[in-house]
Amino acid sequence: MTAKPTLAVVGATGAVGAVLLQILSQRADIWGEIRLIASPRSAGRKLAVRGAEVEVTALSEDAFAGVDVALFEVPDEVAAAWAPVAVARGAVVVDNSAAFRLDPDVPLVVPEVNAHTVRTRPRGIVANPHCTTLTMIVALGALHAEFGLRELVVSSYQAVSGAGRAGVAALRAQLSLVAGTELGTGPGDVRRAVGDDTGPFPEPVALNVVPWAGSLREDGWSSEEMTVRDETRKILGLPRLPVAVTCVRVPVVTTHSLTVHARFQGEVSVDGAREILATAPGVVLCDDPAAGEFPTPADVVGTDPTWVGRVRRALDDPAALELFVCGDNLRKGAALNTAQIAELIAAEPA
C-alpha cells in the first residue's frame, strides 16, 4: 500500500456506516482520501469525516477508480454484486455482509484472533463476521489459545439494532404504546396493544424476549444460530467443533450479550482464565459479583472492547467454564472490526 492509501466506505449513510465514520475520525490517521459511496438516492449528501464535510457519491463502477481499500456496509445482495466490481478496479474489499463469510476463498478475520489470515485472499475480499459472533469471539479466542476449545454452548441476548434501524424504530414505537400501563401482567396483552406492527420481529420486543433471530433453517435452527456456529468454527480453525446456539432478541437498543459454556481439552483454572482475559487485547474483565460488578448493555454501549464477567467453572465439569460477555454490536460487532481489518491491509508492504 502507499503511505496514504485511498479508502472507500460503501453504505456510508446506513446505521453501521455512520458509526464507521465516527471510528475513522477517532483512530490513527493512516488514510489519504476517504470516499463515501451510497445508493443514488443518497448521492449529494454531505457527511462529516475527520472534521471535514465529504459529499456522498453514487454507487457505480467509476466510484472505485483509484480506491485501495473498500469497506462494504451494505445488504448481502448489494455486496455480492458490487464487491467483485470493486476488486476488478483494484481495491481490496472488506465486507460486513453475509455474502462471503463462509466462502473458502475469503478469510473471515478478527484481528485479535486470526490476523494472519488476512494476507491470503484469492478473491481480493476479506469478510467481517456477524455481530453476534464478534461479541464473544475475542474473549473465546484468547481462552482457546491457552486451553484448547472442545465444545461450545451459547445463548445470545441480541439488541434490536442488530436488525437495523427498523428494529430500533419498532422497539421505540412499542415502548411508547406500553409505557406507564399494566401491560405485561396478563397473557397476550402486550401483543394486543402492539397489534400486528411488530417490525422485523415475529413478536413484540417491548416487555418481552423473543427466542428467534434470522430465518428458519433445517431441524428448527435459525439462520443466525447456524451463522454463529459456522463462523466460530472458521475463525478458530476448528471445522468440527460441537456448537449449540440459541439466539434471543431482547428489548435493548444497542449491545449484544451472550452466556457462554465453553469446554476445553483439560481441567481449567478460573484464576488462570481471569488472568488470560484481563490481559487479552480487546477484552475488559469486569467480574466481581459480590460488589455488583459485571458487564451489562447499559454499561458497555458506545465502547469498543468485549466485556467479560461471571467467570466461573462449570458445575460438575472441571474442564468447562461459564462466562457472560457483552459487546456493542455496532462498534466491535461491525464497524470497528471492519476498520481494524482495513488497517491490517493498509500496513502490508507495497
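The values are calculated or read from the model by the stated rules, or taken from the named source; none is laboratory data. As the structure is a computational prediction, the values presented were derived from the model and not from experiment. All Cβ positions, even for glycine, are placed from backbone atoms using ideal geometry, and neighbour counts span all protein chains on display.
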Look at Asp288 and say whether it is of a type in the set (Asp, Glu) and closer than 19 Å to Gln22 by Cβ.
-> no
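So is Ala298 assigned by TED's automatic domain parsing to the domain that holds Leu143, of a type outside the set (Val, Ile, Thr) and more than 28 Å from Glu151 (Cα to Cα) or not? It would help to see each step written out before you state the result.
Numbers: assigned by TED's automatic domain parsing to the domain that holds Leu143: yes; of a type outside the set (Val, Ile, Thr): yes; more than 28 Å from Glu151 (Cα to Cα): yes.
Yes; evaluated as a whole, the condition is true for this residue.
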Scan region 209-222 for residues that are within 23 Å of the chain's Cα centre (by Cα) and over 24 Å from Ser97 (Cβ atoms) and jot them down.
-> Val209, Pro211
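Whether any residue in region 157-173 is farther than 26 Å from Asp328 by Cα, assigned to a helix (DSSP H, G or I) and modelled with pLDDT under 95 is what I want to check.
From region 157-173, those farther than 26 Å from Asp328 by Cα are none; that's our starting set.
No: region 157-173 contains no residue that is farther than 26 Å from Asp328 by Cα, assigned to a helix (DSSP H, G or I) and modelled with pLDDT under 95.
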Within region 300-333, restricting attention to residues that are of a type in the set (A, V, I, L, M) and touching a His at 6+ places or on another chain (Cβ under 9 Å), which residue is modelled with the lowest pLDDT?
-> Ala314
Conditions: (1) part of a loop (DSSP other than H, G, I, E, B); (2) under 21 Å from Leu71 (Cβ atoms); (3) without any contact (Cβ under 8 Å) to a residue 12 or more places away in the chain. His116 meets all but one. Number of the miss?
-> (1)
In region 55-64, what residues are surrounded by fewer than 22 Cβ atoms within 10 Å (Cβ to Cβ), in a helix (DSSP H, G or I) and touching a helix residue (DSSP H, G or I) at 6+ places or on another chain (Cβ under 6 Å)?
-> Glu61
Is it the case that some residue within region 123-145 is in the same structural domain as Ala262 (by TED's automatic domain parsing), surrounded by fewer than 17 Cβ atoms within 10 Å (Cβ to Cβ) and assigned to a loop (DSSP other than H, G, I, E, B)?
-> no
Pairs under 7 Å by beta carbon, first residue closer than 14 Å to Leu140 by Cβ and assigned by TED's automatic domain parsing to the domain that holds Glu146 in region 273-290, partner modelled with pLDDT of 95 or more and of a type in the set (Asp, Glu), six or more apart or different chains?
-> Ile276/Glu146; Pro281/Glu112; Gly282/Glu112
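Mind checking whether some residue in region 141-154 is touching a Gly at 6+ places or on another chain (Cβ under 8 Å), over 29 Å from Glu348 (Cα atoms), among the hydrophobic types (A, V, I, L, M, F, W, C) and touching a residue at least 12 places away in the same chain (Cβ under 8 Å)? Spell out how you get there, then give the answer.
First, pick out the residues of region 141-154 that are touching a Gly at 6+ places or on another chain (Cβ under 8 Å): 146-148.
Checking the rest, the ones that are also over 29 Å from Glu348 (Cα atoms) come to 147-148.
Now drop any that are not among the hydrophobic types (A, V, I, L, M, F, W, C), which leaves 147.
After this cut, where a residue has to be touching a residue at least 12 places away in the same chain (Cβ under 8 Å) as well, the list is 147.
Yes, that holds for at least one residue.
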Of the residues in region 146-169 that are under 17 Å from Asp230 (Cβ atoms) and among the β-branched types (Val, Ile, Thr), the one that is surrounded by the fewest Cβ atoms within 10 Å (Cβ to Cβ) is Val153
Applying the selection to region 32-57, what residues are among the small types (Gly, Ala, Ser), under 26 Å from the mean Cα position of the chain (by Cα) and within 14 Å of Ala8 (Cβ to Cβ)?
-> Ala38
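Given the options Val93, Val67, Val16, Val78, name the one that is in a strand (DSSP E or B) and surrounded by 15 or more Cβ atoms within 10 Å (Cβ to Cβ).
Numbers: Val67 fails: in a strand (DSSP E or B); Val16 fails: in a strand (DSSP E or B); Val78 fails: in a strand (DSSP E or B).
Being in a strand (DSSP E or B) and surrounded by 15 or more Cβ atoms within 10 Å (Cβ to Cβ) holds for just one of Val93, Val67, Val16, Val78, which is Val93.
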Of the listed residues (Glu267, Glu231), the one being more than 29 Å from Trp221 (Cα to Cα), assigned by TED's automatic domain parsing to the domain that holds Ala206 and acidic (Asp, Glu) is Glu267
Report the residue count in region 299-350 for those that are under 11 Å from the mean Cα position of the chain (by Cα), in a helix (DSSP H, G or I) and not charged (D, E, K, R).
-> 6
Residues of region 218-234 satisfying the condition of being at negative phi, free of Cβ contacts under 8 Å to residues at least 12 places away in the same chain and of a type in the set (Gly, Ala, Ser) = Ser223
Looking at Thr254, is it surrounded by 19 or more Cβ atoms within 10 Å (Cβ to Cβ), in contact with a helix residue (DSSP H, G or I) (Cβ under 9 Å, 6 or more places away or on another chain) and not in a helix (DSSP H, G or I)?
-> yes
Can you tell me which residue within region 96-106, out of those that are in contact (Cβ under 8 Å) with a residue 60 or more places away in the chain and out of contact with any Phe, Trp or Tyr (no Cβ under 9 Å at 6 or more places or on another chain), is surrounded by the fewest Cβ atoms within 10 Å (Cβ to Cβ)?
-> Leu102
